Amino acid sequence: MCLAIPGRVVEVFDDDNQLARVDVAGVRRTVNVALLEDSDTRSVALEGQWVLIHVGFALARIDEQEALDTLELLNQMGAEYEEELQELRAGAEG
């Protein structure tokens, strides 16, 4: 199963390729933010923002409450969410 998971943008580190480092459940991942309609990666506008992530792409900005509510629902899913987190950790950046 593939889920879209909330993550918080830590930093935008590659403006040209629109790449950001995002904290997802305690794991930092490189995520492409080019799909965000209002993405302005040349500023710190994304840093600290919550985004919904699927297969390495930020699909949408979400507010903190929506992110927390989604994380709570994902935790209630149990095994499926834990499997996604294990896959995320296995592919974590060093």
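The values are calculated or read from the model by the stated rules, or taken from the named source; none is laboratory data. Please read all numbers here as calculations on a predicted model, not as lab measurements. Virtual Cβ from ideal backbone geometry, glycine too; neighbours counted across all protein chains shown.
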Residue satisfying condition, being of a type outside the set (Ser, Thr, Tyr), closer than 16 Å to residue 8 by Cβ, at pLDDT 90 or above and loosely packed, with under 11 Cβ neighbours inside 10 Å, within set 49, 65: 65
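Results for (1) surrounded by 14 or more Cβ atoms within 10 Å (Cβ to Cβ); (2) at positive phi; (3) aliphatic (A, V, I, L, M), shown as yes or no for each residue.
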| position | (1), (2), (3) |
| --- | --- |
| 54 | yes, no, no |
| 61 | yes, no, no |
| 71 | yes, no, yes |
| 82 | no, no, no |
| 86 | no, no, no |
Unmet requirement for residue 93, which otherwise passes all of (1) at pLDDT 80 or above; (2) touching a Lys or Arg at 6+ places or on another chain (Cβ under 9 Å): (1)
